[in-house]
Amino acid sequence: ELQSVSPTTATPLDIDICKKSECLPTREQLSSDQSSVLDDLKNKFECDGYVVLPSVLSNDEVNQLIARLDHIFEGDFDRGEPPDKMPPSVKPGRQPRVQQVINVHKCDAAFRRLVTNEILGRVVGHITSWDGVRLAQDQLWQKPPQSSPLTFHRDSPYFMFSPDDVVTVWVALDDMERELGPLEYVTGSHKWGKGRIGSSKSFFQKGGGKDLLYSAAEREGIASHDLEFVSMEGLKAGGVSIHNGLTWHGSGKNNSHEKSRRGFGIHYVPANVRFTSDAAKSKLWRSYIDEDVEETILSEEYFPIVWQRKQVT
């Protein structure tokens with residue numbers, strides 16, 4: 001069963017999700033037709049911009065994914081196709097860098113099964129009220145010991161679809177200890193204005209990584225000391241958080257001298273999305289677009305629909 005844990009309110013950067021207990025659904029309940037369970041999650045998601053579900057994956061499932069990581073980083077792809085992005089080789093003596101792999105599902109069967117999991121799709125579909133859920137992209141993040149913070153940002157500006165809704169399912173592949181720099185959310189920030197601030201070029205910062213966040217908060221008339229940060233510290237490997245694409249989030253430096261911090265993000269969009277004209281100019285999306293953006297049909301191989309709502313007759 002899912003453990004009874006929940007995020008709590010505290011001072012910035014000093015929040016332990018295990019300090020206050022709350023009844024959370026089991027994996028079996030998430031896959032059942034108990035709509036009241038998902039209704040509770042939907043209410044929290046709409047209020048806070050995220051929900052947390054500990055122990056969604058079993059230890060065996062997590063270990064299977066971790067076992068595949070070395071193969072992936074070595075270029076051993078069991079689906080016969082490379083991901084869209086692999087991290088560059090780290091030269092000896094260089095400062096450790098956060099490693100990112102984009103679209104692991106293209107190259108690895110175990111990760112493909114995860115991103116197309118119908119239970120995850122069903123939860124996302126219910127808390128968003130979408131009629132269908134489509135995979136847009138996945139990203140594997142590995143933060144080596146002493147690597148830099150990941151700047152606070154929103155996911156939505158980088159997903160060039162219409163409609164522009166995005167939801168991210170983030171899977172912890174390691175126990176989220178404080179020194180590893182766990183993922184952090186800013187509660188309620190999904191309700192701020194949609195203006196785009198910053199770009200992916202500023203994802204990795206040596207400082208605290210909050211300049212873009214503070215600028216966005218200032219636009220909303222919110223002082224930095226009034227922001228409510230919630231850390232995923234205490235979330236065990238196999239735990240999941242789900243956040244709105246407009247929710248501001250980031251993570252601190254990995255202060256460990258020995259341990260990496262690994263997380264896997266799955267980005268979902270409504271099943272009926274189409275690419276926008278901006279997508280043709282983006283290195284993230286242009287390889288998937290035909291000559292005419294408006295005529296481009298999203299491939300079921302690369303953008304599979306993972307869940308659809310049953311039609312009432």
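Please treat every number below as a calculation from the coordinates, not as lab data. Since we're looking at a predicted model, the values are computed, not measured. We place every Cβ from the backbone using ideal geometry, glycine too, and count neighbours over all the protein chains shown.
Restricting attention to region 99-204, which trypsin sites (Lys or Arg not before Pro) occupy a DSSP loop and are surrounded by at most 13 other Cβ atoms within 10 Å?
Within region 99-204, the qualifying trypsin sites (Lys or Arg not before Pro) (loop, at most 13 other Cβ atoms within 10 Å) are Lys194, Arg196.
Could you work out how far apart the two model spin labels at Glu295 and Glu218 are, taking each label as a point 7 Å from the Cα in the direction of the beta carbon, and quote it in nm?
About 4.7 nm separates the two model spin labels.
Between Lys191 and Gln308, how many nm apart are label points set 7 Å from Cα along the C-beta direction?
Simple spin-label model gives 3.5 nm for this pair.
For a quick check: with amide H placed at 1.01 Å from N, whose amide H comes under 5 Å from Arg274's, ignoring anything fewer than 5 positions away on the same chain?
Answer set, sorted by chain and number: Ser162.
Starting from the amide H of Lys85, placed 1.01 Å from N in the peptide plane, find each other amide H under 5 Å away whose residue is 5 or more places distant or on another chain.
Hits under the 5 Å cutoff: Ile102.
So who's got an amide H within less than 5 Å of the one on Arg261, skipping anything under 5 residues away but keeping other chains? H placed 1.01 Å off N, in plane.
Counting only residues 5 or more places away or on other chains, the set is Lys143.
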